[in-house]
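The values are calculated or read from the model by the stated rules, or taken from the named source; none is laboratory data. Small disclaimer: the values here were computed from a predicted structure and weren't measured. Glycine gets a Cβ as well: all are built from the backbone with ideal geometry, and neighbour counts include every protein chain shown. All accessible areas refer to the heavy atoms of the entire protein, side chains included, with ligands and DNA or RNA removed. Shrake-Rupley method; radii C 1.70, N 1.55, O 1.52, S 1.80 Å.
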Amino acid sequence: QVELVESGGGLVQAGGSLRLSCAASGRTFSTDNMGWFRQAPGKEREFVAAITWTRVTNYAGSVKGRFTISRDNAKNTVYLQMNSLKPEDTAVYYCAIRGQGPYYSSGSYNSWGQGIQVTVSS
């Protein structure tokens, strides 16, 4: 079974940057489609960004132009570079591996990390 471990979260000021990493233990990483989701207090889990095994990317409108998803297959790691952070970006961020289904739907993903807190102060 695949294990996903997020790192790189924390507390930053508005306008600052963070880079989240997600290390995968699976042997099929190079052909896995990956995604990032987030969940703020009192809100549903929402799509943030996705990347296919061919490195096609998709972003939520709220983060497009500020966040960049990428992958390093040699390290079995997917990244989320977050720039120009806003207080509304505060959430627990989750990485996940997609099975079948649309990239923007959490139900399409079958393996999830434990989540990592990102807090953006005003």
Note to self: C-alpha centroids of the stretch 17-59 and the stretch 99-122 sit apart, in Å, by 6
Of all C-alpha pairs within the chain, those more than 25 angstrom apart amount in percent to 15
Relative contact order of the chain (C-alpha contacts under 8 Å, at least 6 apart) in percent is 34
Residues other than Ile116 with Cβ under 12 Å of its Cβ, Lys/Arg counted +1 and Asp/Glu -1, net out at +1
If every Lys and Arg gets +1 and every Asp and Glu gets -1 at its Cβ, then about the Cα centre the stretch 33-75 yields a dipole, in debye to the nearest 20, of 100
When the charge dipole of the stretch 47-122 is computed with +1 at the Cβ of Lys and Arg and -1 at the Cβ of Asp and Glu, the Cα pointing farthest to the positive end, of Cys95, Ser121, Asn76, is that of Asn76
Under a 1.4 Å probe, counting only protein heavy atoms, Leu11 has an accessible area in Å², nearest 10, of 130
FRET efficiency for Ser25 and Asn58 from the Cβ-Cβ distance with R0 = 30 Å, rounded to 0.05, comes out at 0.75
By the C-alpha gyration tensor axes a ≥ b ≥ c (rounded if a/c is under 1.5, else prolate when a/b exceeds b/c, else oblate), the shape of the stretch 49-102 is prolate
The size of the Cβ-based charge dipole (Lys, Arg +1; Asp, Glu -1) of the chain about the Cα centre, to the nearest 20 debye, is 220
Charge tally for neighbours of Gly16 with beta carbon under 12 Å away, counting Lys, Arg as +1 and Asp, Glu as -1, is +2
